[in-house]
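Reviewing the structure listed below.
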Amino acid sequence: MSGDLAARQAELVAALVAGGPLPPGFAPAPVEAARRALLRKRSGDVARHWPLLAAGLGADWPATFTAWADGRPTNGSLRDGWDLARKLRDQGTLPPLGAEELAAREAASHYDGHRPPRPRRMPAVARAGGAVAAQFAGRVRLLRPAPR
């Protein structure tokens, strides 16, 4: 009995946060409302870790984040923001403030998209959307802001 309950709970969680199908026996409207509320909460959590990215997108932040995150399980707010910023950079839609924040993060830490970010030990330079940041002796400096 408890294995069946655990399986049903896992199906419900997958439907809520990872784009899984709605499990049998659940009403679609309340599950959809909960799913959307969780995406809004997740958007706020990511914005707290990536304030310049969120500010750069302004009123488009919630829709941009939700479109990207819908159907993706979270990797944590820091990594979710990093993954979104990289996707926007690759699409050429990363706002200047987000580019500066991404360049600074990438100069300070190594993140391969799979494992948690690790601080860089050696000097590093990172570029994103025209912004250039350098890390030396543990300090990150923005050398060139992103074009506005």
Mean residue ellipticity at 222 nm from the helices of the chain, using -39,500 (n - 2.57) per DSSP H segment of n ≥ 4 over the full residue count, to the nearest 500 deg cm²/dmol?
-18000 deg cm²/dmol
Cα pair distances of the chain binned at 10 Å [whole percent]
11, 34, 28, 16, 8, 2, 0
Once amide H atoms are built 1.01 Å from N in the peptide plane, which residues 5 or more positions from Arg144, or in another chain, come under 5 Å H to H?
Val132
Expressed in angstrom and rounded, the centroid-to-centroid distance over alpha carbons for the stretch 98-124 and the stretch 17-58 is 26
Whole-Hz Karplus ³J(HN,Hα) for the stretch 47-55, in order, using 6.51 cos²θ - 1.76 cosθ + 1.60 and θ = phi - 60°, x for Gly and Pro?
4, 5, 7, 10, x, 6, 4, 5, 5
Accessible area (Å², per residue) of the stretch 1-123, counting only protein heavy atoms and a probe of 1.4 Å
56
The stretch 73-90 - phi-based ³J(HN,Hα) in whole Hz, Karplus 6.51/-1.76/1.60, Gly and Pro as x:
x, 6, 10, x, 4, 4, 6, 4, x, 5, 5, 5, 4, 5, 5, 5, 4, 5
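Could you look at the stretch 1-111 and say what percent of its accessible area is carbon and sulfur, using a 1.4 Å probe and all protein chains? Can you show the working numbers first?
Values: 3520 of 5700 Å².
Looking at the stretch 1-111 in its full context, I get 62 percent from C and S.
The values are calculated or read from the model by the stated rules, or taken from the named source; none is laboratory data. Given the structure is predicted, the values throughout are model-derived calculations rather than measurements. Quick note on the areas: whole protein, heavy atoms, side chains included, nothing else; ligands and nucleic acids left out. Shrake-Rupley method; radii C 1.70, N 1.55, O 1.52, S 1.80 Å.
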